[in-house]
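Colleague: Dropping a structure here in structure tokens format, bear with me for questions.
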Amino acid sequence: MKELPQEFKDIYFVQDGIPYFKTFLAGEWVSSQEFQDIKSPIDLTTFSKVVKLNSQVIDNALDIMYKRGKWDIRDTPGEKRIAIFQRTAELLERYKDYFIDILVLNNGKTRAAAEGEVRAAAERLKLAELDVRKIYGDYVPGDWSNESIEAEAIVKREPLGIVLAITPFNYPLFDVANKLVYSTIAGNAIIIKPASSTPIIAILFAKLLEMAGFPKRSISIITLPGNQMDKLVSDPRISVISFTGSTESGKEVIRSGGIKQYVMELGGGDPALVLSDADPEQTAPKITVGITSYSGQRCDSIKFIFAEEEVYDKLKDLLISELKKVKVGDPRDGSVTMGPLIDERTAEEVEYSVKDAINKGGKVLYGGNRNKNYIEPTLIEIEKDKLKDLYLYNKEVFASIAIFTKVKGIDEMIELSNSRRYGLDAAIFGEDINKIRKLTRMLEVGAIYINDYPKHGIGYFPFGGRKDSGVGREGIGYTIESVTAYKTIVYNYKGRGVWEYM
Ligand code: NAP
């Protein structure tokens, strides 16, 4: 790993030739006797270590944040918070090469994908101003009845205190920046819990925030395995949980968390619906990017292609030829377009799901070969009446693998899409406005992309799922609702209680 500049020296030390990272807890850089290995998916070797926290240290930090930190951020004027985000974005741009290197090494992203994530994070920080416009309330006159005629109320949106932001491995920088912006611009303190496989970026990002003047006691980065999070998740001092991750982990979080406010961005994988009048030459490359981008390790990855008969054969040939152009390998090689999967466990799940599909009547049209955690992009053809039995239909497999199925008309597309337990996004390719209109009305998803592959991007267009894909929306301005609560303040100008009129 590239040596970090002098400004970052207080956040790590070097031992046995590798960096050992501390973490940031309510204003302090904290170390410990115990560290956990951080591996690179490129060669599955340990390139760094990160401090292992115990529950007492976390509890102390939470105490400081609850008593002080949540007020420090709330008492920082909005314009100052925005200025801090701007400075953080500038620092991110200044140090971007270090962030890009870590995203390549720790996530196995191609350099282009890593650059894209850093750009998106900087842009999200800069656009915090747009969130502010959603932080407003109401005035309610008391004219409704004789009992309230002397009174009136304001209903304001208030920060709830502390947001626990739990982030997945796949966008370790953008997800942290996004959750930080909407939670803290609304006036909450934030505890960030990054994925155990990719926590370094969040630690580095905390350093930038410290340098930019973010209120120190209002942020902590918790390096704790997900299966030890119960105590924190259920702690009453946490009022909001913003979780991005798999449906299975999300359900655990809600079970432990109990009554709180939630933003749950969960998994699913998306269908691409190709109408008879779609242009296959334009559609195939877009679907291919939707399948293979970041090795299919995106919640908005295309996992199903349902194509009308008229366009099916032509699209099949073109998809195969597009998939052949994808070069799998070490993402540090500039000619490689698809890197490894995050670990071998997911690669094994891909192998299992390919065998399962073949056993149930599927045919591999392309790919499927595995070398450790490197897998070729995989396209499997199967008839519609066999589809619902597949492992891949019932569970999200977080890799570049998609199912290709011929359908007769859009009613079959709707039925096959809506019968899945997930409902994140869908893509529609084609021109017939009446078919598109019906699909946009009937698909049970959070977002629909017409003539493009699904891409959540920075959330300029809000996104979020239905059914097992989650609740709440992430998007500029939209998440404010989930991280704040209404508070009604009733003024009675006569100084007599409203009920005294009765
Ligand atoms: P994951 O295994 O579910 O982990 C996500 C985060 O949750 C990690 O920080 C994990 O910590 C933590 N966690 C796991 N169990 C927990 C528990 N019981 N209590 C509290 N925290 C817990 O998911 P992943 O493999 O990192 O990410 C891939 C998944 O995220 C996919 O399903 C993908 O679709 C979804 N995703 C959704 C969106 C969206 O916008 N809808 C965006 C990106 C990703 P550890 O790492 O320590 O286990």
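The values are calculated or read from the model by the stated rules, or taken from the named source; none is laboratory data. All values reported here derive from a predicted model rather than from experimental measurement. FYI the Cβ positions are ideal-geometry reconstructions off the backbone, even for glycines, and counts take in every protein chain you see.
Colleague: Does A399 satisfy being crowded, with 18+ Cβ neighbours inside 10 Å, part of a strand (DSSP E or B), of a type in the set (A, V, I, L, M) and in contact (Cβ under 8 Å) with a residue 60 or more places away in the chain?
Modeller: On the way: crowded, with 18+ Cβ neighbours inside 10 Å: yes; part of a strand (DSSP E or B): no; of a type in the set (A, V, I, L, M): yes; in contact (Cβ under 8 Å) with a residue 60 or more places away in the chain: yes.
In short, no.
Colleague: With respect to S220, determine if the residue is closer than 19 Å to V483 by Cα and either in contact with a strand residue (DSSP E or B) (Cβ under 6 Å, 6 or more places away or on another chain) or within 16 Å of the ligand (Cβ to nearest atom) (or both).
Modeller: Details: closer than 19 Å to V483 by Cα: yes; either in contact with a strand residue (DSSP E or B) (Cβ under 6 Å, 6 or more places away or on another chain) or within 16 Å of the ligand (Cβ to nearest atom) (or both): yes.
Against the criterion (closer than 19 Å to V483 by Cα and either in contact with a strand residue (DSSP E or B) (Cβ under 6 Å, 6 or more places away or on another chain) or within 16 Å of the ligand (Cβ to nearest atom) (or both)), S220 qualifies.
Colleague: Further, regarding this structure: With (1) surrounded by 24 or more Cβ atoms within 10 Å (Cβ to Cβ); (2) more than 9 Å from the ligand (Cβ to nearest atom); (3) of a type in the set (V, I, T) as the list, and I149 as the residue in question, which single condition is left unmet?
Modeller: (1)
Colleague: Pull out all pairs, ordered by first then second residue, where Cβ-Cβ is under 6 Å, the residues are six or more apart or on different chains, the first lies in the range 252-267 and is among the hydroxyl-bearing types (S, T, Y), and the second is near the ligand (Cβ under 9 Å from one of its atoms).
Modeller: S256/D230; S256/V233; Y262/I241
Colleague: Let me ask something else. Can you pull out the residues in the range 415-437 that are away from the ligand (no atom under 16 Å from the Cβ) and buried (at least 21 other Cβ atoms within 10 Å of the Cβ)? Lay out the reasoning, then the answer.
Modeller: Filtering the range 415-437 for residues away from the ligand (no atom under 16 Å from the Cβ) gives 415-419, 428-437.
Passing the criteria: S417, I428, F429, G430.
Colleague: If you scan the range 357-390, which residues turn out to be part of a strand (DSSP E or B), touching a Leu at 6+ places or on another chain (Cβ under 8 Å) and either crowded, with 23+ Cβ neighbours inside 10 Å or without any contact (Cβ under 8 Å) to a residue 60 or more places away in the chain (or both)?
Modeller: Step one: filter the range 357-390 for residues part of a strand (DSSP E or B), giving 363-366, 370-371, 374-375, 378-381.
Subset that is touching a Leu at 6+ places or on another chain (Cβ under 8 Å): 364-366, 374-375, 379-381.
Result: V364, L365, Y366, Y374, I375, L379, I380.
Colleague: In the range 347-369, what residues are out of contact with any strand residue (DSSP E or B) (no Cβ under 6 Å at 6 or more places or on another chain) and under 21 Å from K316 (Cβ atoms)?
Modeller: S353, V354, I358, K360, G361, N369
Colleague: Also: Here are E322, E351: which of them is at pLDDT 95 or above, under 25 Å from D43 (Cβ atoms) and acidic (D, E)? Steps first, please.
Modeller: Working: E322 fails: under 25 Å from D43 (Cβ atoms).
Of the residues listed, the single one that is at pLDDT 95 or above, under 25 Å from D43 (Cβ atoms) and acidic (D, E) is E351.
Residues checked against (1) within 16 Å of the ligand (Cβ to nearest atom); (2) crowded, with 22+ Cβ neighbours inside 10 Å:
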residue	(1), (2)
C299	yes, yes
A307	no, yes
V311	no, no
L318	no, no
L323	no, yes
V328	no, no
P340	yes, yes
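Colleague: May I ask you to list the residues in the range 482-499 that are at pLDDT below 95 and either within 14 Å of the ligand (Cβ to nearest atom) or surrounded by 11 or more Cβ atoms within 10 Å (Cβ to Cβ) (or both)? If you could, list the steps in order and put the result at the bottom.
Modeller: Keep residues of the range 482-499 that are at pLDDT below 95, which gives 490-499.
Scanning the range 482-499 gives V490, N492, K494, R496, G497, V498.
Colleague: Working carefully through the options I201, I166, find the one that is within 15 Å of the ligand (Cβ to nearest atom), farther than 18 Å from G475 by Cβ and in contact with a strand residue (DSSP E or B) (Cβ under 7 Å, 6 or more places away or on another chain). Quick ask: steps written out before the conclusion?
Modeller: Details: I201 fails: in contact with a strand residue (DSSP E or B) (Cβ under 7 Å, 6 or more places away or on another chain).
Criteria check complete, one pass: I166.
Colleague: A further question follows. If we only count strands (runs of 3 or more DSSP E) wholly inside the range 1-62, which ones have 1 or more residues that are within 22 Å of I100 (Cβ to Cβ)?
Modeller: Working: elements: 12-15, 18-21, 23-25, 28-30, 35-39, 46-51.
It comes to 12-15, 18-21, 23-25, 35-39, 46-51.
Colleague: Restricting attention to the range 466-479, which residues are in a loop (DSSP other than H, G, I, E, B) and either without any contact (Cβ under 8 Å) to a residue 40 or more places away in the chain or within 15 Å of V181 (Cα to Cα) (or both)? First the steps, then the outcome.
Modeller: Start the filter on the range 466-479 by keeping residues that are in a loop (DSSP other than H, G, I, E, B), which leaves 468-469, 472-473, 475-479.
Matches in the range 466-479: R473, G475, I476, G477, Y478, T479.
Colleague: Filter the range 232-254 down to residues that are farther than 23 Å from T184 by Cα and of a type in the set (D, E, K, R) and give me whichever is farthest from the ligand (Cβ to nearest atom). Let's see the steps before the verdict.
Modeller: From the range 232-254, those farther than 23 Å from T184 by Cα are 246-249, 251-252; that's our starting set.
Filter again for of a type in the set (D, E, K, R), leaving 248, 251-252.
Working: E248: 7, K251: 9, E252: 4 Å.
Top of the filtered list is K251.
Colleague: Going by what's in this entry, would K193 be described as in contact with a strand residue (DSSP E or B) (Cβ under 7 Å, 6 or more places away or on another chain), crowded, with 19+ Cβ neighbours inside 10 Å and charged (D, E, K, R)? Please lay out each step first, then the result.
Modeller: On the way: in contact with a strand residue (DSSP E or B) (Cβ under 7 Å, 6 or more places away or on another chain): yes; crowded, with 19+ Cβ neighbours inside 10 Å: yes; charged (D, E, K, R): yes.
Answer is yes for this residue.
One line per residue, one yes/no per condition, for (1) closer than 26 Å to E7 by Cβ; (2) at pLDDT below 95; (3) of a type in the set (S, T, N, Q):
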| site | (1), (2), (3) |
| --- | --- |
| S55 | no, yes, yes |
| L62 | no, no, no |
| I82 | yes, no, no |
| Y95 | yes, no, no |
| G116 | yes, no, no |
| A120 | yes, no, no |
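Colleague: Please determine, by comparing only the residues of the range 261-284 that are closer than 19 Å to N434 by Cα and among the acidic types (D, E), which one is nearest to the ligand (Cβ to nearest atom).
Modeller: Here the residue is D279.
Colleague: Take the conditions at pLDDT 95 or above and farther than 21 Å from Y460 by Cα and apply them to K193. Does it pass? Steps first, please.
Modeller: Details: at pLDDT 95 or above: yes; farther than 21 Å from Y460 by Cα: yes.
When the stated conditions are applied, K193 passes them.
Colleague: If we keep just the residues of the range 444-465 that are assigned to a strand (DSSP E or B) and within 11 Å of the ligand (Cβ to nearest atom), which is farthest from T283 (Cα to Cα)?
Modeller: Keep residues of the range 444-465 that are assigned to a strand (DSSP E or B), which gives 447-450, 463.
Next, only the ones that are within 11 Å of the ligand (Cβ to nearest atom) stay: 447, 463.
Details: A447: 19, F463: 22 Å.
Filtering first and then ranking leaves F463.
Colleague: Do we find a residue being within 24 Å of the chain's Cα centre (by Cα), touching a residue at least 24 places away in the same chain (Cβ under 8 Å) and closer than 18 Å to K193 by Cβ anywhere in the range 91-100?
Modeller: Among the residues of the range 91-100, not one is within 24 Å of the chain's Cα centre (by Cα), touching a residue at least 24 places away in the same chain (Cβ under 8 Å) and closer than 18 Å to K193 by Cβ, which makes the answer no.
Colleague: Next up: Residue under question is Y393, and the condition is that it be among the aromatic types (F, W, Y), touching a Leu at 6+ places or on another chain (Cβ under 6 Å) and over 23 Å from D277 (Cα atoms); does it hold? Step through it out loud before you land on a result.
Modeller: Numbers: among the aromatic types (F, W, Y): yes; touching a Leu at 6+ places or on another chain (Cβ under 6 Å): yes; over 23 Å from D277 (Cα atoms): yes.
Taking the combined requirement at face value, the residue satisfies it.
Colleague: Quick one: which of E158, E210, E129 is away from the ligand (no atom under 16 Å from the Cβ) and closer than 28 Å to I259 by Cα? Give the steps one after another, and end with the answer.
Modeller: Values: E210 fails: closer than 28 Å to I259 by Cα; E129 fails: closer than 28 Å to I259 by Cα.
Being away from the ligand (no atom under 16 Å from the Cβ) and closer than 28 Å to I259 by Cα holds for just one of E158, E210, E129, which is E158.
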